[in-house]
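Contents: one structure, followed by commentary.
The values are calculated or read from the model by the stated rules, or taken from the named source; none is laboratory data. None of the values given here were measured: they were computed from a predicted structure. Note that we place each Cβ from the backbone using ideal geometry, even for glycine, and neighbour counts take in every protein chain shown. To get the accessible areas, we keep the full protein, side chains included, count just its heavy atoms, and leave off ligands, DNA and RNA. Shrake-Rupley method; radii C 1.70, N 1.55, O 1.52, S 1.80 Å.
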Amino acid sequence: MHCGYAAAQMPTTILIAEDEPAIADAVLYALRSDGYAVEHHLLGGGIVARIERGGIDLLLLDVGLPDINGFDVCRKLRMVSELPVVFLTARNDEVDRILGLELGGDDYIAKPFSPRELVARVRARLRRHATEDHGWRRSGPQQSGRQQSGLFEIDREGRRIRCAGHLLELTRYEYALLSELLRRPGAILSRAQLLDRAWDGDSDSADRTVDTHIKTLRAKLRAIDPAIDPIRTHRGVGYSLDIA
Ligand code: CA
């Protein structure tokens, strides 16, 4: 029995959301034969909450679920998790949408598929995810290195921030601003404090500079998902960051 990756005390656990019994049975059998633990859901509704409780390593997600479609499940999931997702799809137009989604390197398998092909794809996706994560974590000690706060994951040494699993392309000052806000989520920082910390006392800067960069930062976050708007404006006081 082998689990594909990681020296395992805990089996690698796959959650499958699929409403067609024949497909679900074949997938469950193939994955269990290969040493994976499997949980099966018929609906999309409880999936994100289940994944948030932990213990799931990959989601196999049927696009055509009876209650919520797989794209919406995945979009909700990406607000809280980078869990690898492999879509199960029966239609070519769905494939086009999956490829257009850019949901963090997710994969798909077109129905009908062979169980062997599915297991191989799952194993490859898990391996890729483990590698990506490893690079990200290799950023040094806890305090100066990687920190996860709800939506955001920051690598201070590499000066990189991910939001909902997406690496943000930030300018130097956008990075510095978001990084300062992430040090104390929920705390209100005045423009003067932000200027002082993020601009390193650069004399050309003014309050309006902070506002401008907050604006571009917000646009970049909304580009990931229009619902992502965690920066709060406190009129006459400053800004804070909601990470919940
Ligand atoms: Ca279906």
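Here are a few things to note about the model shown:
Conditions (1) at pLDDT below 90; (2) open to solvent by less than 40 Å² (accessible area, probe 1.4 Å); (3) assigned by TED's automatic domain parsing to the domain that holds Ala130; (4) not in a strand (DSSP E or B), marked per residue:
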{"residue": "Leu28", "(1), (2), (3), (4)": "no, yes, yes, yes"}
{"residue": "Glu39", "(1), (2), (3), (4)": "no, no, yes, no"}
{"residue": "Val48", "(1), (2), (3), (4)": "no, yes, yes, yes"}
{"residue": "Ile51", "(1), (2), (3), (4)": "no, yes, yes, yes"}
{"residue": "Gly64", "(1), (2), (3), (4)": "no, no, yes, yes"}
{"residue": "Asp72", "(1), (2), (3), (4)": "yes, no, yes, yes"}
{"residue": "Arg78", "(1), (2), (3), (4)": "yes, yes, yes, yes"}
{"residue": "Leu88", "(1), (2), (3), (4)": "no, yes, yes, no"}
{"residue": "Gly100", "(1), (2), (3), (4)": "yes, no, yes, yes"}
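- Residue in the range 218-226 that is in a loop (DSSP other than H, G, I, E, B) and either open to solvent by 30 Å² or more (accessible area, probe 1.4 Å) or at pLDDT below 85 (or both) present: yes
- Of the residues contained in the range 53-60, one or more are found to be touching a residue at least 40 places away in the same chain (Cβ under 8 Å), more than 16 Å from the ligand (Cβ to nearest atom) and surrounded by 21 or more Cβ atoms within 10 Å (Cβ to Cβ).
- Breaking point among (1) within 16 Å of the ligand (Cβ to nearest atom); (2) closer than 26 Å to Ile224 by Cβ; (3) at pLDDT below 95, for Ala22: (2)
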